[in-house]
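Structure first, commentary second.
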Amino acid sequence: MTNQPASCLACKIPAHLGAAEHAALDASRAAREQLGRAMVVTAAAAVRDILTGHEPDAPFDARAVELVEGEDGSLFPTGRYWTLGGDERTFTDTVGLAEAGNGIHGMSEWTAYLDDSTRDVWHDLCTGLPHRDGRPAYSLDLIRAAALQLDGIAPGLARQGEMVEVMVCANDSDRYPALVDPGDQRDGYVKPWFDLDTVRRIAEQTQADASRYGHDAVDTVHVLEGGDSALRHDGSTEPLKYAVVLVVCWMHLDGEKSKQAVEVLQPNRDGRYAVGGHDWGWYALDSQLNPQIPFRPNPA
């Protein structure tokens, strides 16, 4: 048996193909993220238009809206929403059957783009709800969605690194003093650093909320404290106190993220803890306790 030469020469792969491949993938990811951001902001604006009759300056009372995942993985609105005070309502209750139906139909054109391809954008803005007819359901945070920057960067904010003291909130009711870096924001939301006394208050509140609303809806904070003593040079003892801060995400305990369900927070050099980080959606408050999203401190 004799070896026959190949009928054609093997293709020569260009040396720059790897770089071109990575550039194309980066561009594709950036395009999906941009699409997701644009559709999330548009969906939030659609809720405002539905409830105000397309009057941009008219006041309206909506904190979150329900979206249900269809068979194709995309989201669609049901017309169910929640007010700032936590009351559950429907578009029909507020604007009537015809306007609600037209509004849901129009809003669906935008939420259809909120699917698996853009999940990295919208999923972090949602809270899981009980399934609707066997389909996953979510509560989209309209305040966070409306504040989403289309390019992912809050305009006019540079990374400064200098901490400022401010009151922060994550649920429109509980307010805490914290230090934040104005340059360390994500979509206008800050990363607050709390002293240990404030962490204890947050821990007490989160545990009370979990008892009231269920552990599958609230991440709880726990401060474990202990003591010891150290021997001084003169033979006397000096009391030592220790604190360990834990955050438990109960909804992850039985799932794929079980290893990340319990987080031990490390204090910074000033002994402060970044409870919730950016993920909890902390926003700064001005002197009148109004939300500042994004946060821009007063010039010195």
query = Averaged per residue, what accessible area in Å² does segment 52-118 show with a 1.4 Å probe, protein chains only?
reply = 54
request  = Multiply the residue separation of ARG201 and GLU88 by 0.36 nm, subtract the distance between their alpha-carbon atoms, and state the gained length in nm to one decimal.
outcome  = 37.8 nm
Accessible-area composition of segment 40-93, carbon plus sulfur, in percent [1.4 Å probe] = 45
message = I'd like to compare 185-191, 242-248: which one has the highest average count of other Cβ atoms within 10 Å, and what's the full order after that?
response = 185-191, 242-248
Distant-in-sequence amide H partners of ALA217 (H built 1.01 Å from N, under 5 Å) = none
key: Relative packing of peptides 204-216, 132-144 - highest average C-beta neighbours within 10 Å first   = 132-144, 204-216
key: Peptides ranked, highest mean first, by Cβ atoms within 10 Å: ranges 113-121, 289-297   = 113-121, 289-297
key: Label-to-label distance, nm, for residues given as ARG135 and ALA38 (7 Å Cα→Cβ offset)   = 2.5
request  = Please give, to one decimal in nm, the separation of the simple spin-label points placed at SER211 and ASP174, each 7 Å out from Cα toward the Cβ.
outcome  = 1.3
task = Post the alpha-carbon centroid distance, segment 61-94 to segment 32-53, in whole angstrom.
result = 13
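The values are calculated or read from the model by the stated rules, or taken from the named source; none is laboratory data. In this text, all values refer to a predicted model and were calculated from it rather than measured experimentally. Positions of Cβ are generated from backbone atoms using ideal geometry, with glycine treated the same way; all protein chains shown enter the neighbour counts. We work out accessible area using only protein heavy atoms, side chains counted, and drop any ligands, DNA or RNA first. Shrake-Rupley method; radii C 1.70, N 1.55, O 1.52, S 1.80 Å.
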